[in-house]
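Participant: What follows is a single structure, and I will ask about it in a moment.
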Amino acid sequence: MRLTMMTDYAMRLLMYVGQHPERLCTIAEVARVYGISEAHLMKVTHQLGLNGWIETVRGKGGGMRLAHPPEKIGLGAVVRSMESDFYLTECLGTGNHCILTGSCRLTSIVDEALGSFLRTLDGYTLADILRPPTSGGAPELHERPLVRQGRVRAA
């Protein structure tokens, strides 16, 4: 499974904006820091705003900020809101024409794997992947291991 570029950029944007809670951030600024297209980020920003993850302020001096504290922004919820589908195989999607439907055991295994993936993301928030701001530049992932339900996970 691979997440779309839209979701990747959404996570980067949320991480950047989450590192700067004291001010509004601009699309141009985020695009420059991450080296990605402003046009793509405009689409991402629009979608994040529609989904309620960020607030946008139009006009001169405008920009964006998180709509919720980072610890209230679940990574699984963000991914679900940005991805158009999670149909890893034909039989999990619409328009299924697979002749094995109904007799294939793989369908339930793939569906279970997808559920595990999303449950893992649900165990983390934006706050888990932010660290205190550095001297200008992009936020980095935690260097310390993340602890979730008694297990240590490498960042």
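Participant: Give the accessible area for Met5 in Å² (nearest 10); use a 1.4 Å probe, count only protein heavy atoms, and leave out ligands, DNA and RNA.
Facilitator: 100 Å²
Participant: Rolling a 1.4 Å sphere over the protein heavy atoms, what is the accessible area per residue of segment 1-55, to the nearest Å²? It would help to have the intermediate numbers written out before the result.
Facilitator: On the way: 2840 Å² over 55 residues.
Averaged over the residues of segment 1-55, the accessible area is 52 Å².
The values are calculated or read from the model by the stated rules, or taken from the named source; none is laboratory data. Keep in mind the model is a prediction, meaning the values are calculated, not measured. To get the accessible areas, we keep the full protein, side chains included, count just its heavy atoms, and leave off ligands, DNA and RNA. Shrake-Rupley method; radii C 1.70, N 1.55, O 1.52, S 1.80 Å.
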